[in-house]
Number of protein chains: 2
Amino acid sequence: MGVKNRYSKMLKRENLRNTSHRQSILEVMEASKEPVSAETLYLTLRDKGISISMSTVYRALDVLVERNIIAKTDFTDNNRSLFEIKREEHRHHLVCVKCKKIIPVTECPFHEYASALEERFGFSITSHKLEMFGYCRKCNKDSDEK
Amino acid sequence: MGVKNRYSKMLKRENLRNTSHRQSILEVMEASKEPVSAETLYLTLRDKGISISMSTVYRALDVLVERNIIAKTDFTDNNRSLFEIKREEHRHHLVCVKCKKIIPVTECPFHEYASALEERFGFSITSHKLEMFGYCRKCNKDSDEK
DNA sequence: CTCCTTAATGGGATTGATTCGCATTTGCAT
DNA sequence: ATGCAAATGCGAATCAATCCCATTAAGGAG
């Protein structure tokens with residue numbers, strides 16, 4: 001099944017219209033290895049010759065987050081939201097505080113921990129986010145050389 | 001050692017002036033069981049009869065985050081930043097997506113996982129955030145009753 | 001205790017991301 | 001092909017956060 005067809009099904013299942021803009025947005029997000037901002041998305045689409053407005057980008061992102069197709073991830077950096085498509089395995093991130101590089105990580109060993117908390121607090125956990133901050137290999141090396 | 005004295009020392013150690021506003025802000029944050037927004041802080045201080053401006057609140061929060069005395073935590077809810085004083089043990093949170101209640105959790109079983117990632121990616125992790133989302137005991141019960 | 005330097009503050013203006021309102025267009029069921 | 005509700009565009013509005021600059025106050029030196 002082609003990628004576009006897969007998106008159609010996803011949208012249909014959620015009672016969302018299969019518009020070309022939503023298709024394009026999902027394609028760009030699928031292709032991106034890192035979380036993207038609304039503006040990056042907008043500019044990328046423009047570069048590809050697609051005419052779209054910022055409102056549409058934001059609205060599409062909102063509805064896709066709401067339907068659990070993409071995730072909004074905040075890194076506390078310059079008050080901007082980043083968005084990432086949900087893949088089979090969810091992701092965590094290593095964020096370099098110096099060069100801002102974001103490394104996705106797919107391992108997630110937290111089920112046990114989560115279960116214990118659910119029991120203790122009577123809380124049903126439906127999702128979680130883990131972000132780790134520090135210095136990437138390159139920035140570590142750069143500061144060694146000084 | 002009194003609380004105020006402790007704050008004085010923290011500020012002095014960081015070469016920050018021990019101003020009454022910073023004292024007040026730290027007191028309010030210490031007393032708060034949950035992360036607070038800049039606005040909440042501002043209003044709380046006003047209620048206590050302390051005259052302060054939003055600029056000062058934001059500036060104090062910035063410098064305290066920078067010096068690692070408090071932490072900025074974003075919960076993706078209405079694009080607002082929340083701040084929390086750092087205690088002996090760092091904290092994670094259970095965030096109820098319905099009533100927005102935030103339950104702090106002090107257990108943190110991630111050192112092993114973190115070490116493995118550091119090795120694999122040559123990344124030095126200096127901090128991390130884990131937030132879990134779902135439904136609290138009360139909101140679970142409310143939806144049962146329907 | 002007083003003086004002096006400079007960090008900190010107030011308050012208003014500004015920025016910048018995100019949201020809103022409403023007229024127009026488009027998807028899609030029939 | 002037709003009709004209607006959903007989606008879009010574009011400009012205006014909102015709202016948290018930041019900036020500017022004149023004023024105040026912390027705290028070290030004497």
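A few points about this structure:
- Scan segment A:76-108 for residues that are at the interface with chain B (Cβ under 8 Å from one of its Cβ atoms), of a type outside the set (A, V, I, L, M) and surrounded by fewer than 19 Cβ atoms within 10 Å (Cβ to Cβ) and the total you get is 4.
- Segment A:34-46 - residue that is away from DNA strand D (no atom under 15 Å from the Cβ) and either within 14 Å of chain B (Cβ to nearest Cβ) or assigned to a helix (DSSP H, G or I) (or both) and, of those, nearest to residue A:94 (Cα to Cα): A:35
- Check on residue B:111, closer than 16 Å to residue A:110 by Cβ, exposed (fewer than 14 other Cβ atoms within 10 Å of the Cβ) and more than 7 Å from chain A (Cβ to nearest Cβ): yes
- Residues in segment B:50-92 that are more than 10 Å from the chain's Cα centre (by Cα), of a type in the set (A, V, I, L, M) and modelled with pLDDT under 95: there are none.
- Selection count, segment B:93-140, where residues are more than 20 Å from the chain's Cα centre (by Cα), closer than 19 Å to residue A:119 by Cα and among the hydroxyl-bearing types (Ser, Thr, Tyr): 1
- Looking across A:72, A:98, one residue alone is in contact with a Cys (Cβ under 9 Å, 6 or more places away or on another chain) and of a type outside the set (A, V, I, L, M). It is A:98.
- Qualifying position, being in contact (Cβ under 8 Å) with a residue 40 or more places away in the chain and outside any helix (DSSP H, G or I), among B:94, B:130: B:94
- Where residue B:108 falls short, out of the listed (1) assigned by TED's automatic domain parsing to the domain that holds residue B:10; (2) in a loop (DSSP other than H, G, I, E, B): (1)
- From the list B:109, B:104, the lone residue that is out of contact with any Pro (no Cβ under 7 Å at 6 or more places or on another chain) and closer than 14 Å to residue B:34 by Cβ is B:104.
- Residue tally, condition in contact with a helix residue (DSSP H, G or I) (Cβ under 6 Å, 6 or more places away or on another chain) and modelled with pLDDT under 85, over segment A:116-144: 0
- The listed residues are B:83, B:121, and the only one of them that is more than 16 Å from DNA strand D (Cβ to nearest atom) and within 25 Å of residue A:92 (Cα to Cα) turns out to be B:121.
Results for (1) of a type in the set (A, V, I, L, M, F, W, C); (2) surrounded by fewer than 16 Cβ atoms within 10 Å (Cβ to Cβ); (3) out of contact with any Gly (no Cβ under 8 Å at 6 or more places or on another chain); (4) part of a loop (DSSP other than H, G, I, E, B), shown as yes or no for each residue.
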site: A:15; (1), (2), (3), (4): no, yes, yes, yes
site: A:18; (1), (2), (3), (4): no, yes, yes, yes
site: A:21; (1), (2), (3), (4): no, no, yes, no
site: A:24; (1), (2), (3), (4): no, no, yes, no
site: A:64; (1), (2), (3), (4): yes, no, yes, no
site: A:68; (1), (2), (3), (4): no, yes, yes, yes
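- Looking only at segment B:58-80, residues that are near DNA strand D (Cβ under 8 Å from one of its atoms) and of a type in the set (A, V, I, L, M, F, W, C) come to 1 in all.
- Residue within segment A:5-28 that is assigned by TED's automatic domain parsing to the domain that holds residue A:69, modelled with pLDDT of 95 or more, away from DNA strand D (no atom under 14 Å from the Cβ) and under 30 Å from residue A:94 (Cβ atoms) present: no
The values are calculated or read from the model by the stated rules, or taken from the named source; none is laboratory data. Computed from a predicted structure; not experimentally measured. A quick note on method: Cβ atoms are made from the backbone with ideal geometry, for glycine too, and the neighbour counts reach across all protein chains shown.
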